[in-house]
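See below for the structure under consideration.
The values are calculated or read from the model by the stated rules, or taken from the named source; none is laboratory data. A quick note: this is a predicted structure, and the numbers were derived from the prediction, not measured. Virtual Cβ from ideal backbone geometry, glycine too; neighbours counted across all protein chains shown.
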Amino acid sequence: MNTVLTVLLIVLAAVVCLLIVAVVLTNMIVSRRKAMGTKWREKDLWEDRKRNWLGLPWSFTKYAFDQERFYLDRGIFTTVSDEVRLYRVTDVSLRRTFWQKIIGTGTIQVDTSDRTLHNFKIVNVKDSMNVKELLSETVERQREAKRVYTRENMVSGADMHEDDFDGDFQG
């Protein structure tokens, strides 16, 4: 019994050591890449990878956006690259679970009027609150520049006459 317990403790210690080494190496690589200023695309305002449950960017899903488009690249053997014009984004919201708060990530839900990508999530990204705000501000600037406005109901139902379908009844 003692030997089994000893072997389990050694295996557990080895796994923990490997995990620590992996975290340190990942942080070194990310820090070096940021220090060098290398980006996937030159004009990107923000870019990141989807992060795993430990908050580490060990994924083949990349997110980025610039002044005009949001980019989503997925896959290792078969790569799928999607983009959506920012003026097509209709809503941006943030969801952070308790665990995501602990590791400093969050998931951003993006609703769009795009035909191919539809609505999508930016899953487990670092500094998600600031990313959501930057994305929202960039979307608003792009919508103003393109003069794109959504049709929202500005009149409550109580203000409309029952026979008035378009809200222009004055009597």
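Tell me which residues, restricted to the stretch 104-149, are aromatic (Phe, Trp, Tyr) and touching a residue at least 60 places away in the same chain (Cβ under 8 Å).
none
Please tell me if Ile76 is modelled with pLDDT under 95 and in a loop (DSSP other than H, G, I, E, B).
The answer is yes for Ile76.
Condition check ((1) at pLDDT below 80; (2) under 26 Å from Arg96 (Cβ atoms)) across all residues:
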residue: Leu5; (1), (2): no, no
residue: Leu18; (1), (2): yes, no
residue: Lys34; (1), (2): yes, yes
residue: Trp40; (1), (2): yes, yes
residue: Trp46; (1), (2): no, yes
residue: Lys50; (1), (2): no, yes
residue: Leu56; (1), (2): yes, yes
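Does the stretch 62-97 hold any residues that are free of Cβ contacts under 8 Å to residues at least 12 places away in the same chain and of a type in the set (A, V, I, L, M), and which are they?
Within the stretch 62-97, just Val80 meets the criteria.
Are any residues in the stretch 58-105 within 14 Å of Lys126 (Cα to Cα) and either aliphatic (A, V, I, L, M) or more than 16 Å from the chain's Cα centre (by Cα) (or both), and if so, which ones?
Ala64, Leu94, Trp99, Ile102, Ile103
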